[in-house]
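Enquirer: First, the structure itself, so that you have it in front of you.
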Amino acid sequence: MKGQVALITGASRGIGQAIALRLAAEGVYVVATATTDIGAEATVAAIIAQGGAGKAVKLDVTNSAEVEALFKTITAEHGRLDILVNNAGITKDGLMMRMKDSDWDSVIDTNLKGSFICLREASKIMTKARYGRVVNISSVVGEMGNPGQVNYCASKAGIFGLTKSAARELAKRNITVNAVAPGFIETDMTADLPEKGREALMQNVPMGRFGSIEDIAYAVLFLVSPHAGYITGQVLSVNGGMYM
Ligand code: NAP
């Protein structure tokens, strides 16, 4: 994979940062994004410290003009984009009866529409090159639902439809599009869960532990590698055996 170029959204911390470090360790040049100019700089510093190469970029995935501009820059600077990982995501939890329209809209816009916009722009570059690997990060709760997360679960369920349809559209161009559905992973996103809530969640995880960010990064690495060339439109669940 040496010499390939990857764009990873939401790579300032958590799962996105682990994916960035893992791909860079394989020789991939990583464009790591966050919502601020400096957000992904620590990730890129760590990439360089481990002998890799990459660049930190500001990107709000809900801003299509910003996304389009970044893809133009990548084309101008590298002339290629081999890998896209749509990882940026947010939660705005609350019971449905009290959920504001704005909490619905911001989660759908970031998690689902943001993935669509990046995938649309990436597909233009990848189609010309007749090569591409896309992974969209969904969630176990997109499959099973979760009280207090109608917006988040809808966005993550939408990722499955986006993935499967795009996979069909792009298969003939040698572009694969898959989803990874993590279970409960130790990151900022899950840091606020109260101890009782964590214990209850663990009852449903046969492996009896939260997943690590590296567990997700290795699954993504496989799907974006040349070894996964005949896998497309699939959902890879990485959840310690947690099923409905
Ligand atoms: P996290 O630690 O909260 O990090 C979220 C990342 O998304 C940050 O880099 C953040 O950038 C970025 N981001 C947020 N809004 C954005 C926007 N509008 N445009 C671009 N980037 C944006 O989350 P995480 O736990 O690593 O989760 C990563 C992905 O895995 C998400 O899609 C999440 O839904 C999914 N997931 C997580 C779990 C879990 O248990 N943690 C389980 C299943 C699925 P800033 O630093 O600039 O805010």
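Enquirer: Six or more apart or on different chains, Cβ atoms under 6 Å: show the pairs whose first residue is in segment 212-223 and farther than 9 Å from Arg22 by Cβ and whose second is open to solvent by 40 Å² or more (accessible area, probe 1.4 Å) and at pLDDT 95 or above.
Expert: Close Cβ pairs (under 6 Å, with a partner that is open to solvent by 40 Å² or more (accessible area, probe 1.4 Å) and at pLDDT 95 or above) amount to Ala219/Leu236.
Enquirer: Which ranges mark the helices (runs of 4 or more DSSP H) fully within segment 183-244 that have 3 or more residues being under 24 Å from Ala167 (Cα atoms)?
Expert: Values: elements: 188-191, 195-202, 213-224.
Qualifying helices (runs of 4 or more DSSP H): 213-224.
Enquirer: Got a number for residues in segment 25-56 being closer than 22 Å to Thr75 by Cβ, more than 16 Å from the chain's Cα centre (by Cα) and hydrophobic (A, V, I, L, M, F, W, C)?
Expert: Adding up the residues that qualify gives 5.
Enquirer: Same structure, new question: Go through segment 45-83 and count every residue that is more than 13 Å from the ligand (Cβ to nearest atom) and of a type outside the set (Gly, Ala, Ser).
Expert: Summing the residues that are more than 13 Å from the ligand (Cβ to nearest atom) and of a type outside the set (Gly, Ala, Ser) in segment 45-83 gives 16.
Enquirer: Kindly list the number of the only condition in (1) more than 23 Å from Asp105 (Cα to Cα); (2) within 12 Å of the ligand (Cβ to nearest atom); (3) part of a strand (DSSP E or B) that fails for Ala6.
Expert: Exception for Ala6: condition (2).
Enquirer: So is Glu77 open to solvent by 70 Å² or more (accessible area, probe 1.4 Å) and in contact with a strand residue (DSSP E or B) (Cβ under 7 Å, 6 or more places away or on another chain) or not?
Expert: Working: open to solvent by 70 Å² or more (accessible area, probe 1.4 Å): yes; in contact with a strand residue (DSSP E or B) (Cβ under 7 Å, 6 or more places away or on another chain): no.
No; evaluated as a whole, the condition is false for this residue.
Enquirer: Please find, within segment 131-164, the residue that is farthest from the ligand (Cβ to nearest atom) out of those that are crowded, with 19+ Cβ neighbours inside 10 Å and of a type in the set (Lys, Arg).
Expert: Only one residue tops the list, namely Arg133.
Enquirer: Within segment 168-175, is there a residue that is among the aliphatic types (A, V, I, L, M) and open to solvent by 10 Å² or more (accessible area, probe 1.4 Å)? Working first, answer last.
Expert: Our first condition is that a residue be among the aliphatic types (A, V, I, L, M); within segment 168-175, this holds for 170-171, 175.
Right, trim to open to solvent by 10 Å² or more (accessible area, probe 1.4 Å) and you get 170-171.
Yes; the residues of segment 168-175 include at least one that is among the aliphatic types (A, V, I, L, M) and open to solvent by 10 Å² or more (accessible area, probe 1.4 Å).
The values are calculated or read from the model by the stated rules, or taken from the named source; none is laboratory data. Owing to the predicted nature of the structure, the values given are computational and were not obtained by experimental measurement. Cβ coordinates were reconstructed from backbone atoms using ideal geometry, including for glycine residues, and neighbour counts include every protein chain displayed. Only protein heavy atoms, including side chains, enter the accessible area calculation; ligands, DNA and RNA are left aside. Shrake-Rupley method; radii C 1.70, N 1.55, O 1.52, S 1.80 Å.
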